[in-house]
1. Which pairs turn up if I take residues in the stretch 285-297 that are open to solvent by 10 Å² or more (accessible area, probe 1.4 Å) and look for partners that are assigned to a helix (DSSP H, G or I) with beta carbon separation below 7 Å, at least 6 apart in sequence or on another chain?
2. Cβ-Cβ below 9 Å, separation at least six or inter-chain, first residue in the stretch 123-135 and within 21 Å of Leu96 (Cα to Cα), second among the basic types (Lys, Arg): which pairs?
3. Select from the stretch 248-265 the residues that are open to solvent by 40 Å² or more (accessible area, probe 1.4 Å) and in contact (Cβ under 8 Å) with a residue 24 or more places away in the chain and write down the one among them that is farthest from Tyr234 (Cα to Cα).
4. Going by what's in this entry, would Arg152 be described as open to solvent by 20 Å² or more (accessible area, probe 1.4 Å), of a type in the set (D, E, K, R) and not in a helix (DSSP H, G or I)?
5. Evaluate the following for Ala137: is it part of a helix (DSSP H, G or I) and surrounded by fewer than 17 Cβ atoms within 10 Å (Cβ to Cβ)?
6. With respect to the numbered conditions (1) free of Cβ contacts under 8 Å to residues at least 40 places away in the same chain; (2) hydrophobic (A, V, I, L, M, F, W, C); (3) under 19 Å from Met1 (Cβ atoms), which one is the sole condition not fulfilled by Phe85?
7. Please go through the stretch 197-209 and pick out each residue that is over 29 Å from the mean Cα position of the chain (by Cα) and under 17 Å from Ala238 (Cα atoms).
Amino acid sequence: MAKAYASTIIDAPVEAVWATARDFGALSAWLPAVERSYIEDGRDPDSVGCVRRLHLRGGGGCTERLLALDDSRYSFTYAFVEPAFPVRDYVSTLELIPVTNGDRTFAQWSGSFEETPEDAGTYVKIVSEDVYGGGLAALRARSHTAPPGRTRWDGWRPAKVFCSSVINGPLDKVWARVRDFAGMGDWHPGISAMHMIGHVRSDKVSGVRDFLFGEGKLHERLTHLSDIDHAFRYTIEASPMPWLNYHAGARLYPVSDGNHTFAVWTADWVAAPNDDVALIPDIHANVFQKAFDTLNERYFSG
């Protein structure tokens, strides 16, 4: 299975970019390669299962069926009905994620399909660079206006804390720093004396790190580590803070049109509402965002 991918950072809030991108029938309004686009059979463009017809500049075209649309997570997925090029089983997703540091948007466009043996790699490059990369560049260049009265999360919020930022380094180098579960003391100024209990490896899922945050002592157990998704998750087993069932995790995404990495960190827990009033902004600003800022300053500022 061949895979194509492109991503970028757009200097507009996610609600505004989504208002432009979500109309499945209006691709010609922002993608220069498409001369005309419309939904067949008079269906609404947010009717899952509808088919859009694209007429390309210079001739040719295709039809695509909407398979999924998610206003809560700012994404849609579609598949070829009549393909624009000779591939099989083409499925593609456009997803937007808010960048909370600066109120920008991370946009990623991905797809999978089967190529013939003689075309191996040909359409991966075309789709990644010309279709997805060119499309995201066009979306980035467009002036975006947010619809009035929209809230950021139409569905359940993803977590009590959702913090995201752009790290000024390539994915592999940022991940090399972040995946070391015992290494956060090097990229957060409030953490000291961090080590793995029992001297286990820092990539051991179930391993526990012991450290001081200020004067408070914490134990955190690694519950998930993935070099595929560039992600980790953990839970707190001992802490002076007034919460229960604390679970958190981070994931990194490549920004394909620059030497950058998009990072998301979320956390959830159970606590009294009056405690959450202080805990939520404190974890966002003084733990997660402070860690992202320190990563940039110490390792990727040049």
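The values are calculated or read from the model by the stated rules, or taken from the named source; none is laboratory data. A quick note: this is a predicted structure, and the numbers were derived from the prediction, not measured. When we count neighbours, we look across all protein chains shown, and the Cβ atoms used for this are built from the backbone with ideal geometry, even at glycine. The area values use the complete protein model at the heavy-atom level, side chains included, leaving out ligands, DNA and RNA. Shrake-Rupley method; radii C 1.70, N 1.55, O 1.52, S 1.80 Å.
1. No pair meets every condition.
2. Cβ pairs passing all conditions: Ser128/Lys3.
3. Of the residues in the stretch 248-265, the ones open to solvent by 40 Å² or more (accessible area, probe 1.4 Å) are 251, 254, 256-257, 259-260.
When the remaining residues are screened for being in contact (Cβ under 8 Å) with a residue 24 or more places away in the chain, the result is 254, 256-257, 259-260.
Numbers: Pro254: 22, Ser256: 28, Asp257: 31, Asn259: 28, His260: 25 Å.
Going through the qualifying residues, I end up with Asp257.
4. Numbers: open to solvent by 20 Å² or more (accessible area, probe 1.4 Å): yes; of a type in the set (D, E, K, R): yes; not in a helix (DSSP H, G or I): yes.
Yes: the conditions hold for Arg152.
5. Values: part of a helix (DSSP H, G or I): yes; surrounded by fewer than 17 Cβ atoms within 10 Å (Cβ to Cβ): yes.
Here the answer is yes, as Ala137 does meet what is asked.
6. (1)
7. Step one: of the stretch 197-209, the residues over 29 Å from the mean Cα position of the chain (by Cα) are 197-200.
Ile197, Gly198 - these are the residues of the stretch 197-209 that are over 29 Å from the mean Cα position of the chain (by Cα) and under 17 Å from Ala238 (Cα atoms).
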